[in-house]
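J.: Structure in structure tokens, see below.
The values are calculated or read from the model by the stated rules, or taken from the named source; none is laboratory data. The structure displayed is predicted, hence computed values, not measured ones. Positions of Cβ are backbone-derived with ideal geometry, glycine not excepted, and every protein chain shown enters the neighbour counts. Note: areas computed on protein heavy atoms with side chains; ligands, DNA, RNA excluded. Shrake-Rupley method; radii C 1.70, N 1.55, O 1.52, S 1.80 Å.
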Amino acid sequence: MFILILGAPGSGKGTQGKILAERLGLPKITTGDLIRTAMKDGTPLGLEAKKFYDEGKLVPDSVILGMIKDELDQPAAKEGAILDGFPRTAAQAELVDKTLGQRGQRLNHILLMDVTEEELVRRMRARAQVEGRTDDSPEAIATRLQVYQRDTAPLIAHYAQRGIVHRVPGTGTVDNIAGEIKRIIGR
Ligand code: ADP
């Protein structure tokens, strides 16, 4: 089973993705974490990504598409995975559809984390105090929200045509939201 967690920055994708992956025994593939690791290790990909990442812009598809393909092709993701943070662009969505399609698989559920913009900003500012992520500056937060609306939100309509989008109210306790997700996917 392949489940995509979609939502604006700060909407709780990572938190719920982790709970879901553990419950279903599936790997969670998180492009943001892969990029942060690459930046920390100073790999060529990390160096290339950093200038976009720090400003809150998307890392170009030319850099990301290979990463996505490699992750989906891993043996651990043969039977399913939780996708967190990608696809984020039309080209990434196409690659995911194509890669899974060639294996006779598809995305089964899209969980759309629904949180007001006010709450998103509040959470990211709070997180900035704790984690010190370089893209949690006020400017980068504003850019990330704009980029989400422009490049990623259109994917909702793309997947809605297939009838696989479930809107998850993203405000409430972590446990409540996890319970709602369990109810939605039926396991
Ligand atoms: P958030 O959803 O809070 O922005 P992420 O960790 O998912 O957190 O993403 C942080 C940053 O990493 C993005 O702003 C972008 O620069 C980069 N990034 C993560 N995933 C992708 C992706 N699939 N395509 C392009 N850039 C990505």
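J.: With (1) away from the ligand (no atom under 16 Å from the Cβ); (2) modelled with pLDDT of 95 or more; (3) farther than 16 Å from D84 by Cβ as the list, and G172 as the residue in question, which single condition is left unmet?
T.: So G172 meets the others, but not (2).
J.: Still on this structure, I have one more. Check whether at least one residue in segment 34-56 is of a type in the set (V, I, T), near the ligand (Cβ under 10 Å from one of its atoms) and not in a strand (DSSP E or B), and report yes or no.
T.: yes
J.: Does segment 28-42 hold any residues that are among the charged types (D, E, K, R) and within 18 Å of N108 (Cα to Cα), and which are they?
T.: Passing the criteria: only K28.
J.: Let me ask something else about it. Any residue at all in segment 133-144 that's in contact (Cβ under 8 Å) with a residue 40 or more places away in the chain, more than 18 Å from G7 (Cβ to Cβ), β-branched (V, I, T) and surrounded by 13 or more Cβ atoms within 10 Å (Cβ to Cβ)?
T.: Yes: one or more hits.
J.: Right, here's the next one. Go through segment 1-15 and give me each residue that's more than 10 Å from the ligand (Cβ to nearest atom) and assigned to a loop (DSSP other than H, G, I, E, B).
T.: The one that is more than 10 Å from the ligand (Cβ to nearest atom) and assigned to a loop (DSSP other than H, G, I, E, B): M1.
J.: Now, a different point. Would it be correct to say that K51 is basic (K, R), over 28 Å from M1 (Cβ atoms), more than 14 Å from the chain's Cα centre (by Cα) and open to solvent by 30 Å² or more (accessible area, probe 1.4 Å)?
T.: Yes: the conditions hold for K51.
J.: If you don't mind, there's one more thing I want to ask. Any idea which of (1) more than 15 Å from the ligand (Cβ to nearest atom); (2) acidic (D, E); (3) surrounded by 14 or more Cβ atoms within 10 Å (Cβ to Cβ) is the one E118 doesn't satisfy?
T.: (3)
J.: So, one more: Is it the case that I82 is open to solvent by less than 40 Å² (accessible area, probe 1.4 Å), away from the ligand (no atom under 12 Å from the Cβ) and under 16 Å from the mean Cα position of the chain (by Cα)?
T.: It is true that I82 is open to solvent by less than 40 Å² (accessible area, probe 1.4 Å), away from the ligand (no atom under 12 Å from the Cβ) and under 16 Å from the mean Cα position of the chain (by Cα).
J.: Among (1) under 20 Å from A49 (Cβ atoms); (2) not in a loop (DSSP other than H, G, I, E, B), there is one condition R88 misses while meeting the rest; what is its number?
T.: R88 satisfies every listed condition except (2).
J.: Does at least one position in segment 17-27 carry a residue that is farther than 12 Å from L111 by Cβ, part of a helix (DSSP H, G or I), open to solvent by less than 60 Å² (accessible area, probe 1.4 Å) and touching a strand residue (DSSP E or B) at 6+ places or on another chain (Cβ under 6 Å)?
T.: Yes, some residue in segment 17-27 is farther than 12 Å from L111 by Cβ, part of a helix (DSSP H, G or I), open to solvent by less than 60 Å² (accessible area, probe 1.4 Å) and touching a strand residue (DSSP E or B) at 6+ places or on another chain (Cβ under 6 Å).
J.: To continue, here is another question. When the residues of segment 57-85 are filtered to those that are assigned to a helix (DSSP H, G or I) and of a type in the set (V, I, T), which remaining residue is modelled with the lowest pLDDT?
T.: V63
J.: In this structure, does R150 turn out to be free of Cβ contacts under 8 Å to residues at least 12 places away in the same chain, surrounded by fewer than 15 Cβ atoms within 10 Å (Cβ to Cβ) and of a type in the set (K, R)?
T.: It is true that R150 is free of Cβ contacts under 8 Å to residues at least 12 places away in the same chain, surrounded by fewer than 15 Cβ atoms within 10 Å (Cβ to Cβ) and of a type in the set (K, R).
J.: In segment 57-74, what residues are within 11 Å of the ligand (Cβ to nearest atom) and over 18 Å from G132 (Cα atoms)?
T.: L58, V59, P60, D61, S62, V63, I64, L65, M67, I68, E71
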